[in-house]
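S.K.: Take a look at this one; I'll ask things after.
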Amino acid sequence: MINIKENEELNKLNHSCAHLLAQAVKHLYPDAKFWVGPVIEDGFYYDIDLGDNVIKEEDLERIEREMKKCSKDAKNIIRHEISKSDALSMFKDDPYKIDLISRMDENENVISCYTQGDFTDLCRGPHVENTKLLKNFKLLKVSGAYWKGDSKNKMLQRIYGVCYDNPEDLEAHLKEIEEAKARDHRKIGKDLSIFMVHDLVGKGMPLWLPNGAIIRKQLENYIYDKERKMGYLHVYTPCVGTVDLYKTSGHWDHYKENMFPSMKVDEEEFVLRPMNCPHHMLIYANELHSYRELPIRIGEFAADFRYEASGAVKGLERVRCMCQNDAHLFVRPDQIGEEFKKVVGLILDVYKDFGLNDYKFRLSLRDKNDKEKYFDDDEMWNTAENKLREVLDEYGCDYVEAEGEAAFYGPKLDVEVKPAVGPEVTLSTCQLDFLLPRRFDLSYIDSNGEKQTPVVIHRAIFGTFDRFTAFILEETKGALPLWLSPVQVNVIPVNNEYHMEYAKEIYEKLLKEDVRVKLDSRDEKLSYKMRESQTMKIPYTLILGDKEKESNTVSFRLFGEKETTTIPVDEFINRINKEIKNRELNK
Ligand code: TSB
Ligand code: ZN
């Protein structure tokens, strides 16, 4: 999709269209007051205070009709410049404009306004010359938005739209939106019964349904095996810790706004943990370590709780209760490069296994001049940052460097992906940490018998199971590879009366093979059952009738395909067992 904000002409057009929207809203709701109406990557929006009126999706059509009328009026869009004091008196009844004008730069004494017919708005511009140029637009949605993004302020209504200079581009844009909506994991998650949310449990706290639980378990098994083979040791630790634990780690001072409030139990004050690092530091510190034992890799599939703004939570992608595929690697300084290389190798390996190609590496480095945020040890930072670069270059990975974006405790590498709807998110992360080991007074004994401090590498390959599942559902549009599919084989007798016995026999055989199989014994038409099998995106649908029964074969149809293949039962079992074992991707 073209970035409208960065395209000069489209930016101007969309900005003008935001004014057209405001003009139409003013006609229909004369008391409406306007906050800001910026251009964004995929169109524009306007934040509006409508008093007690609430605009719903179905009202957008009416507003669009009014916009068309204003457009047909073909009014010139005229710029005026006025003094700050004139502007203040002109908009004296509008607290939003007064707020904007008063916050304008001291030097900015001339303020520009744009007028089209009966409507004037405060604006820097530029705009198109005439409203008749605003023809190919569409209002897309309406949502609530706190004034200035602060939840303590009034909730305004935000109307989104988009405008092009020709109908074809608008059409293509709308089609892309439709496709993205169909790919949105929240829709797929609902259609395929993967997860649900409920107000009684709370925002950002999804419940994984049986189908989702199977996917998650498969992901756990997959990554657990990989990590075991790389020498990781897995642990279980509680999802709470005392406030003192998080004071020791520094989270209480630096991460508090992302944490749930604490709770008192007897004499102890607990907090739901936002991260697992402190628990793993204590596990490391539980024993003495020699330089020979390092690296020690402590892994956990660990539940964490974070306060995410209610407007930001999104399906499984951004939750308040998540499960990280976490590990903390305790390494000697001379092992940083080698260990980091293994983590990047694992990330590449996993993405290949899932057939993921569309992702970006982002290397976050310190801002060398910011001695306040970043602890002052240039040699340590330089060596670490260079090691990370070297590894990425060795693998031939493309990456962007983001100076000043490192955490205060060390540089990091993130993998970013673009969801169907909304801005980019981070999946995998790998972060070097020079500080936490010091805060927990961690040590190992070096070859001279002296105490040294290890370095910690925080890493999460999937990120969280939640976010990774969201992403995989969108990438595959819900048609998961066989090994991940909640139901792998759907057995349908052609006729319940004559073929149920054979269908049951096949079903039992597959069950014994540990295949996730379903027998559709409902009293429904064959065509209906087959259609549903497609809707549920089941990889293999078996259709069993006389021919199959007599020849001890099965006829199967692959998801998304029209033709049916008939093969002996044993051959079918071998085929799917191999496909599952090799975790084959869909062709
Ligand atoms: C890797 N302490 C480290 C850990 O050892 C840590 O917590 N890093 S993190 O803050 O970056 O989180 C790890 C991963 O969790 C992120 O890369 C991201 O993929 C995922 N994640 C973060 N916040 C959320 C959220 N609200 N919902 C779902 N997944 C999230
Ligand atoms: Zn960590």
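Read-outs throughout are calculated quantities, based only on the coordinates presented, and are distinct from any laboratory measurement. The structure displayed is predicted, hence computed values, not measured ones. No Cβ is skipped: glycine too gets one built from the backbone with ideal geometry, and neighbour counts run over all protein chains shown.
S.K.: Placing unit charges on C-beta atoms (Lys and Arg positive, Asp and Glu negative, everything else neutral), compute the dipole magnitude of region 230-297 about its Cα centre in debye, rounded to 20.
M.R.: Using Cβ point charges on Lys, Arg, Asp and Glu, region 230-297 gives about 320 debye.
S.K.: What aspartates and glutamates could a cross-link reach from LYS477, if we take a straight Cα to Cα line under 14 Å and drop same-chain neighbours fewer than 8 places away?
M.R.: Hits, sequence-local ones excluded: GLU178, GLU179, ASP184, ASP191.
S.K.: Given LYS509/LYS587; LYS138/LYS175; LYS512/LYS578; LYS217/LYS418, which pairs have Cα atoms separated by over 18 Å?
M.R.: Where the Cα-Cα span goes over 18 Å, the pairs concerned are LYS509/LYS587; LYS217/LYS418.
S.K.: Which Cα, out of PHE260, ALA285, TYR232, lies furthest along the positive dipole direction of region 221-293 (beta carbon charges, K/R +1, D/E -1)?
M.R.: So the residue we want is TYR232.
S.K.: Could you go through region 342-354 in sequence order and give the Karplus-derived ³J(HN,Hα) for each residue, using 6.51 cos²θ - 1.76 cosθ + 1.60 with θ = phi - 60°, rounded to whole Hz, and x for Gly and Pro?
M.R.: Here the 3J(HN,Hα) series is 5, 5, 4, x, 5, 4, 4, 4, 5, 5, 5, 4, 9 Hz.
S.K.: Another one. Which distance in Å, rounded to a whole number, links the C-alpha centroids of region 330-379 and region 27-70?
M.R.: Cα centroid to Cα centroid, the span is 45 Å.
S.K.: Another question about this same structure. Identify all lysines with a Cα-Cα distance to LYS247 below 27 Å; exclude those on the same chain that are fewer than 8 residues away in sequence.
M.R.: Once the sequence-local lysines are set aside, what remains near LYS247 is LYS256, LYS264, LYS371, LYS373, LYS412, LYS451.
S.K.: Here's another thing I want to ask about it. Which aspartates and glutamates have a Cα lying under 13 Å from the Cα of LYS154, excluding residues fewer than 8 positions away in the same chain?
M.R.: The qualifying aspartates and glutamates are ASP47, ASP49, ASP52.
S.K.: Among all cysteines in the chain, which have no other cysteine Cβ under 4.7 Å from their own Cβ?
M.R.: Isolated Cys, the chain: CYS70, CYS113, CYS123, CYS239, CYS277, CYS321, CYS323, CYS397, CYS430.
S.K.: In nm, give the distance between the simple-model label positions of ILE445 and LYS152, each being 7 Å from the Cα along the Cα-to-Cβ direction.
M.R.: Between ILE445 and LYS152, the simple spin-label model gives 5.5 nm.
S.K.: Most exposed first by the Cβ proxy, i.e. fewest other Cβ within 10 Å, how do ASP376, ASP42, ASP99 rank?
M.R.: Going from least to most buried by this count: ASP376, ASP99, ASP42.
S.K.: Taking a ≥ b ≥ c as the square roots of the eigenvalues of the Cα gyration tensor of the chain, is the shape rounded (a/c under 1.5), prolate (a/b larger than b/c) or oblate?
M.R.: Cα axes put the chain in the oblate bin.
S.K.: Using a Förster radius of 60 Å, what is the FRET efficiency between LYS504 and SER290 based on their Cβ-Cβ separation? Nearest 0.05, please.
M.R.: It comes to 0.50.
S.K.: Here's another thing I want to ask about it. About the Cα centre, and with charges only on the beta carbon of Lys, Arg (+1) and Asp, Glu (-1), how big is the dipole of the chain? Nearest 20 debye, please.
M.R.: Computed charge dipole of the chain: roughly 1240 debye.
S.K.: Another question, if that's okay. If you stretched the chain out fully between ASP349 and GLU9, how much longer would it get, using 0.36 nm times the residue separation minus the C-alpha to C-alpha distance?
M.R.: 118.1 nm
S.K.: Could I ask something else about it? Which entries of LYS203/LYS352; LYS5/LYS314; LYS12/LYS33 have Cα-Cα distances beyond 29 Å here?
M.R.: Checking Cα-Cα distances, LYS203/LYS352 exceed 29 Å.
S.K.: What is region 222-287 by shape, rounded, prolate or oblate, if you read a ≥ b ≥ c off the alpha carbon gyration tensor as root eigenvalues and call it rounded for a/c under 1.5, prolate for a/b larger than b/c, and oblate otherwise?
M.R.: Prolate is the answer for region 222-287, as a/c is 1.5 or above and a/b outweighs b/c.
S.K.: Determine the shape class of region 143-298: with a ≥ b ≥ c the square roots of the Cα gyration tensor eigenvalues, call it rounded for a/c under 1.5, and otherwise prolate if a/b is greater than b/c, oblate otherwise.
M.R.: In terms of gyration-tensor shape, prolate.
S.K.: Taking 7 Å along the Cα-to-C-beta vector as the label spot, tell me the THR242-LYS181 distance in nanometres, rounded to one decimal.
M.R.: Here the answer is 5.3 nm between the modelled labels.
S.K.: Now, a different point. Quick check on region 103-225: of the DSSP beta bridges with both residues there, what percent are antiparallel, nearest 5%?
M.R.: DSSP beta bridges in region 103-225 are roughly 100 percent antiparallel.
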